[in-house]
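Trainee: This is the structure I have questions about; it appears just below.
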Amino acid sequence: MSPSIVPDEPKNVANELAPHKRLALTVTWCSFLSASLATMIFFAFVDPAPIVAVLTPTAALAGRTELYSLGFLFFWLVCALASALTAWLVSTQPPPRP
Amino acid sequence: MNTRATPTTPVDEESYYAAHQKVYPREVSGTFSRLRVTAAWVLLGFFYLLPWIPWGNRQAILFDLPARKFHLLGLTLWPQDFIFLAWLLVIAALSLFFFTAVAGRLWCGFACPQTVWTEVFLWMEKITEGDRAKRIKLDAAPWSIDKLRRKASKHFLWVIFALWTGFTFVGFFTPIMDLASRTLTLSLGGWETFWVLFYGFATWGNAGFLREQVCKYMCPYARFQSAMFDKDTLIITYDANRGEPRGGRRKGTDPRAAGLGDCTDCTLCVQVCPTGIDIRKGLQYECIACASCIDACNGVMDRMGYPRGLVRYDTEHALEGLRSKVLRPRVIIYGVLLALLMTGFVAALAMRKPVGLDVLHDRNTLYRSLDSGEIENVYMLKIINKAERARNFSVALTEADGYRLDPAQPVFAVGPGEVFNAAVRIRRNAWGERAPGTATVYLSIQALDDPAVRATAEARFFAPAQ
């Protein structure tokens with residue numbers, strides 16, 4: 001059989017995604033993982049429903065599902081911010097002076 | 001952020017990176033690909049079917065977040081059981097370490113959701129766009145009716161499958177029957193819709209487009225798994241001693257006479273690789289150990305009449321001609337720890353009590369002297385009812401001569417999964433025959449409907465010293 005219909009040319013350059021795209025993926029995913037963990041631990045110990053009811057007694061009573069979702073998105077945002085700042089500082093660090 | 005705009009990065013940085021090239025994994029058949037397809041069926045079967053399995057009058061597996069309880073078959077876990085979840089996560093992590101130390105990236109190649117869903121998305125790509133060569137041609141070709149039809153049907157399948165995945169995911173948290181009927185009548189809640197779309201979008205993006213880039217750039221495990229490796233870990237290897245010098249030859253040629261190794265340089269191992277690497281360059285961190293290259297190479301070896309295993313699962317030690325050791329300190333330590341944790345987990349789960357009791361002494365006042373001459377202490381009881389129904393608990397003092405409860409026989413109704421706070425008073429005659437001063441008392445609670453459901457807690461009784 002002829003195994004290769006379209007032969008693979010040896011690549012002279014690494015097949016890599018551009019650095020800023022890589023960073024964006026890394027930041028999004030790592031903050032997602034951290035936020036999942038934070039959400040799980042936080043809401044295992046804190047029931048948000050009564051707290052929100054006390055804080056805003058006049059507002060319509062928010063269900064737990066909404067509060068968990070908002071909590072997760074909030075954690076994700078904060079983690080992404082920390083991740084992005086770290087990534088940016090590390091990637092723009094000037095080389096050591098001779 | 002654009003790193004190229006900063007003066008500190010090299011100006012010609014872009015030249016180090018070829019524009020990302022799409023990897024077109026070639027279809028492969030063989031032992032390991034059958035194994036991977038089987039694993040995909042089993043794992044995805046669990047994922048898509050589990051929420052539909054009933055248990056009594058509820059779903060067998062339901063993470064009921066609004067009610068703050070997890071149903072796992074006959075077991076109901078409350079937030080107070082968080083330790084079990086944490087414990088389970090530790091077991092999962094340690095299992096990953098154990099299997100990685102023994103057999104390399106088994107997880108990546110066969111069980112990781114990223115691999116499993118990519119497998120399904122690739123299959124859908126194959127039935128709509130054709131095999132590898134056809135896909136490459138199709139992508140390079142100008143737009144035509146045929147290209148539009150093929151691309152559209154691929155994306156149609158992808159989107160439907162991704163939406164079904166998102167729906168199933170939400171079905172683990174919301175009763176799926178109810179969710180299904182509300183989906184059909186288009187009356188899903190806002191957040192339910194959001195999570196169906198979110199999880200569907202993530203599946204579609206990760207399995208359809210990002211694929212191997214998830215492993216290369218996003219996965220922390222892919223980076224640190226090498227820490228669990230040693231020279232006795234099973235890895236996918238190319239036997240360079242046997243294969244080199246590589247080169248094309250006619251079937252039937254004696255490779256040794258032609259000055260060639262066993263590698264025919266057919267590049268099939270490269271074409272089947274889902275991460276687009278060449279295993280013949282040695283172990284690379286991109287390799288997810290899916291063993292597709294082993295299947296591909298074995299097929300070629302069979303056709304050439306050479307022995308199989310030019311590319312194979314092996315250890316570094318074996319490649320160096322040394323013996324591989326399976327039982328080594330690293331594996332034994334991981335294994336023993338894992339066995340202990342699992343035994344502990346099962347035991348703790350089996351001995352998990354349906355009721356819990358904590359006693360806190362009143363913070364403001366240590367004791368009070370009453371007009372009747374008695375000393376009184378106030379306690380806050382935290383009664384945790386882990387059962388699925390409401391229960392009445394009676395409170396009593398055990399082995400406590402000279403002490404009495406006030407009220408004498410308190411009974412508290414505690415709802416299912418509720419942590420109930422109740423105040424009780426304990427009184428003691430100040431001049432009783434017991435040694436005055438501070439002492440230890442034991443409070444116990446007992447379910448009225450089942451005397452076996454009971455718990456005891458210790459508390460300090462404070463009194464003035466004589």
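Trainee: Please pick out the residue among B:Pro7, B:Pro51 that is outside any helix (DSSP H, G or I) and either at negative phi or at pLDDT 85 or above (or both). Spell out the reasoning first.
Mentor: Numbers: B:Pro51 fails: outside any helix (DSSP H, G or I).
Within the list B:Pro7, B:Pro51, the selection yields B:Pro7.
Trainee: Working carefully through the options B:Phe70, B:Phe99, find the one that is in contact with a Phe, Trp or Tyr (Cβ under 6 Å, 6 or more places away or on another chain), buried (at least 17 other Cβ atoms within 10 Å of the Cβ) and free of Cβ contacts under 8 Å to residues at least 24 places away in the same chain. Walk me through how you get there before you give the answer.
Mentor: Numbers: B:Phe99 fails: in contact with a Phe, Trp or Tyr (Cβ under 6 Å, 6 or more places away or on another chain).
Selected residue: B:Phe70, the only one of B:Phe70, B:Phe99 that is in contact with a Phe, Trp or Tyr (Cβ under 6 Å, 6 or more places away or on another chain), buried (at least 17 other Cβ atoms within 10 Å of the Cβ) and free of Cβ contacts under 8 Å to residues at least 24 places away in the same chain.
Matching residues to (1) over 23 Å from A:Ser31 (Cβ atoms); (2) among the aliphatic types (A, V, I, L, M); (3) without any contact (Cβ under 8 Å) to a residue 12 or more places away in the chain:
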| position | (1), (2), (3) |
| --- | --- |
| B:Thr174 | yes, no, no |
| B:Leu184 | yes, yes, yes |
| B:Phe201 | no, no, no |
| B:Ala207 | no, yes, no |
| B:Gln225 | no, no, no |
| B:Tyr238 | yes, no, no |
| B:Arg242 | yes, no, no |
| B:Lys251 | yes, no, no |
| B:Asp254 | yes, no, yes |
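Trainee: Which of the residues spanning segment B:301-341 are of a type outside the set (A, V, I, L, M, F, W, C), without any contact (Cβ under 8 Å) to a residue 12 or more places away in the chain and assigned to a helix (DSSP H, G or I)?
Mentor: B:Asp302, B:Pro329 - these are the residues of segment B:301-341 that are of a type outside the set (A, V, I, L, M, F, W, C), without any contact (Cβ under 8 Å) to a residue 12 or more places away in the chain and assigned to a helix (DSSP H, G or I).
Yes or no, residue by residue, for (1) part of a loop (DSSP other than H, G, I, E, B); (2) at pLDDT below 85:
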| position | (1), (2) |
| --- | --- |
| B:Ala257 | yes, yes |
| B:Cys263 | yes, no |
| B:Val270 | no, no |
| B:Pro274 | yes, no |
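Trainee: Among (1) closer than 27 Å to B:Thr174 by Cβ; (2) over 14 Å from the mean Cα position of the chain (by Cα); (3) of a type in the set (A, V, I, L, M, F, W, C), where does B:Leu106 come up short?
Mentor: The number of the failed condition is (1).
Trainee: Moving on. Given (1) in contact with a helix residue (DSSP H, G or I) (Cβ under 7 Å, 6 or more places away or on another chain); (2) within 17 Å of B:Ile160 (Cα to Cα); (3) not in a helix (DSSP H, G or I), identify the lone condition not met by B:Asp230.
Mentor: Status for B:Asp230: all satisfied but (2).
Trainee: Looking at (1) surrounded by fewer than 17 Cβ atoms within 10 Å (Cβ to Cβ); (2) without any contact (Cβ under 8 Å) to a residue 40 or more places away in the chain, find the lone condition where A:Thr28 falls short.
Mentor: Condition (2) is where A:Thr28 drops out.
Trainee: I'm told B:Asp358 meets every condition in (1) among the acidic types (Asp, Glu); (2) in a loop (DSSP other than H, G, I, E, B); (3) touching a residue at least 60 places away in the same chain (Cβ under 8 Å); (4) more than 24 Å from B:Leu65 (Cβ to Cβ) except one. Can you identify the failing condition by its number?
Mentor: The single condition B:Asp358 does not satisfy is (2).
Trainee: Same structure, new question: Could you look through segment A:53-62, keep only residues that are touching a helix residue (DSSP H, G or I) at 6+ places or on another chain (Cβ under 9 Å) and within 14 Å of chain B (Cβ to nearest Cβ), and pick out the one that is modelled with the lowest pLDDT?
Mentor: Let us first name the residues in segment A:53-62 that are touching a helix residue (DSSP H, G or I) at 6+ places or on another chain (Cβ under 9 Å), namely A:59, A:61-62.
Still in the running and within 14 Å of chain B (Cβ to nearest Cβ): A:61-62.
Working: A:Leu61: 61, A:Ala62: 66.
Among them, the one singled out is A:Leu61.
Trainee: Could you please give the count of residues in segment B:143-168 that are surrounded by 14 or more Cβ atoms within 10 Å (Cβ to Cβ), among the hydroxyl-bearing types (Ser, Thr, Tyr) and without any contact (Cβ under 8 Å) to a residue 12 or more places away in the chain?
Mentor: Taking segment B:143-168 and keeping what is surrounded by 14 or more Cβ atoms within 10 Å (Cβ to Cβ), we get B:147, B:150-151, B:153-155, B:157-159, B:161-168.
Checking which are among the hydroxyl-bearing types (Ser, Thr, Tyr) leaves us with B:153, B:165, B:168.
Pick out the ones that are also without any contact (Cβ under 8 Å) to a residue 12 or more places away in the chain and you get none.
Result for segment B:143-168: 0.
Trainee: B:Trp143 - would you say it is under 32 Å from the mean Cα position of the chain (by Cα), away from chain A (no Cβ under 14 Å) and at pLDDT 90 or above? Don't jump to the end; show me each part of the working.
Mentor: Numbers: under 32 Å from the mean Cα position of the chain (by Cα): no; away from chain A (no Cβ under 14 Å): yes; at pLDDT 90 or above: yes.
No: the conditions fail for B:Trp143.
Trainee: If you check B:Arg149 against the conditions, is it more than 12 Å from chain A (Cβ to nearest Cβ) and either more than 20 Å from the chain's Cα centre (by Cα) or assigned to a helix (DSSP H, G or I) (or both)? Full working, then the answer.
Mentor: Details: more than 12 Å from chain A (Cβ to nearest Cβ): yes; either more than 20 Å from the chain's Cα centre (by Cα) or assigned to a helix (DSSP H, G or I) (or both): yes.
Considered against the rule, which asks whether it is more than 12 Å from chain A (Cβ to nearest Cβ) and either more than 20 Å from the chain's Cα centre (by Cα) or assigned to a helix (DSSP H, G or I) (or both), B:Arg149 comes out as yes.
The values are calculated or read from the model by the stated rules, or taken from the named source; none is laboratory data. Quick caveat, the model's predicted, so the values are computed rather than measured. Backbone-built Cβ (ideal geometry, glycine too); neighbour counts: all protein chains shown.
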